[in-house]
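Take a look at the structure below.
The values are calculated or read from the model by the stated rules, or taken from the named source; none is laboratory data. Fair warning: this is a prediction, and the values are worked out from it, not measured in the lab. All Cβ positions, even for glycine, are placed from backbone atoms using ideal geometry, and neighbour counts span all protein chains on display. For the accessible areas, the whole protein counts, side chains as well, though only heavy atoms, and no ligand, DNA or RNA atoms are used. Shrake-Rupley method; radii C 1.70, N 1.55, O 1.52, S 1.80 Å.
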Amino acid sequence: MSGPLAGVRVLELAGIGPGPFAAMLLADLGADVVRVDRPGPGALPAGDPRRDLLNRGKRSIVVDLKHPDGAEVVLGLADRAAILIEGWRPGVAERLGIGPQAALERNPSLVYGRMTGWGQHGPLAHAAGHDIDYIAVAGALHPIGRSDGPPQIPLNLVGDFGGGALYLVVGCLAALHTARGTGQGQVVDAAIVDGTAHLTTMFAGLLADGAWQPERGRNLLDGGAPFYDVYATADGGHMAVGALEPQFYAELLRLLGLADADLPAQHDVTGWPVLRARFAEVFAGRTRDEWTELFDGSDACVAPVLSLAEAQHHPHLVARATFEEHFGVRQPAVAPRLSLTPGSVGGSPPAPGADTATVLTDWGLGADVPRWLDNGAVSEKLGDH
């Protein structure tokens, strides 16, 4: 592996959503990520494991954690890891014998990353939930959407991946930095509610300053402002407008043919309905491609709204190689980009248990020390460490 994390061993206890994404990001940056899968079907309907891109660049072993020797196998791997990622409800890892106390007693420099929705403590800590629930409680869902409609679901980007996985990675890398300097590992409690709330810091300040209205769809960045909104085009497409600064707004008006029109001032809130109606009328007069060509390269801050498939072929993203093809799948490239030690997309996502023998050998456990059957049972104990 290449990248800034080359040589860093990461043990991922298989889960869904933010944990796998965090481990994928570490793998993209060069870490040796081993995913510990359980025998049997997963929590979600299974597809082709080769298309589960959150597992790219990883290796997989299968461990039956209910087997008497299952915990010992995981702890043996954790002995040799720098980071462990676990995404279960509080107390599950402890009941299985692989919680932070057990792991850190044997490997004091280990960074034990815990990914949950509600966190390790609090009234909801043991309750089930998903991205939509966490961002709702954190205050991030309410502002998203139109003033005359319900909040809109921003996929699971805000909670799982933004407030969850990315904060877990930041916490684990910060703790790894400390461990390398002091030899002391620690537990990283990454809760999606915490990270999502942290993402709203700017808006908390605006709210306290009286510069943010609590009603949805009435503010500068939530679709309330007509110059920061989305407009339909003649062919059913959409254009995204983000002309906040006065010079960009002036360029927007010029390219829309409205520079000399009798319109309310940009920041006259009472005139926003008039502006929105006029903008909508003009945008509806041309197709998305026609508007894209007209605004291309301008400072009007207008861009076409592209589908996931279309985005892969946008000229700017093609020029930057934002998407690449690996193992027959076009997918996002590694981000961020480092000038000296760039990361890279590793091998194709493995089938569960595909790498048992090589992982045991590479991590110093010995190819014959334990062995797993197809169902994940351990036939021999791990031996001395």
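Values for this structure:
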{"read-out": "Percent antiparallel among DSSP beta bridges (both partners in the chain, rounded to 5)", "value": "35"}
{"read-out": "Helical mean residue ellipticity (222 nm; -39500 (n - 2.57) per DSSP H run of 4+; nearest 500) of the chain", "value": "-8500 deg cm²/dmol"}
{"read-out": "Charge sum, other residues only, whose C-beta stays under 11 Å from Pro349's C-beta, Lys/Arg counted +1 and Asp/Glu -1", "value": "+4"}
{"read-out": "Under 14 Å, Cβ to Cβ, from Gly159 - net charge with Lys/Arg +1 and Asp/Glu -1", "value": "-4"}
{"read-out": "Accessible area of Asp133 in the full protein assembly, 1.4 Å probe (Å², nearest 10)", "value": "60"}
{"read-out": "Part-to-part distance (alpha-carbon centres) for segment 321-360 and segment 166-199, which is given in Å", "value": "23"}
{"read-out": "Neighbourhood charge, 15 Å Cβ-Cβ cut-off, centred on Asp189 and excluding it, Lys, Arg +1 and Asp, Glu -1", "value": "-1"}
{"read-out": "Extension gain from Ala311 to Ala250, taking 0.36 nm per residue of separation minus the Cα-Cα distance", "value": "19.2 nm"}
{"read-out": "Exposed-site-free run, longest, the chain (rule: trypsin sites (Lys or Arg not before Pro); DSSP loop; at most 15 other C-beta within 10 Å)", "value": "147-336"}
{"read-out": "Portion, in percent, of the accessible area of segment 181-295 that falls on carbon or sulfur, probe 1.4 Å", "value": "55"}
{"read-out": "Accessible area per residue in Å² at 1.4 Å probe, computed on segment 136-188", "value": "53"}
{"read-out": "Rounded if a/c under 1.5, otherwise prolate or oblate - segment 1-128, Cα gyration tensor axes", "value": "rounded"}
{"read-out": "Answer label, with Rg and Dmax of the Cα atoms in Å calculated from the coordinates and candidates [x] 24.8, 82; [y] 21.2, 75; [z] 21.0, 68", "value": "[x]"}
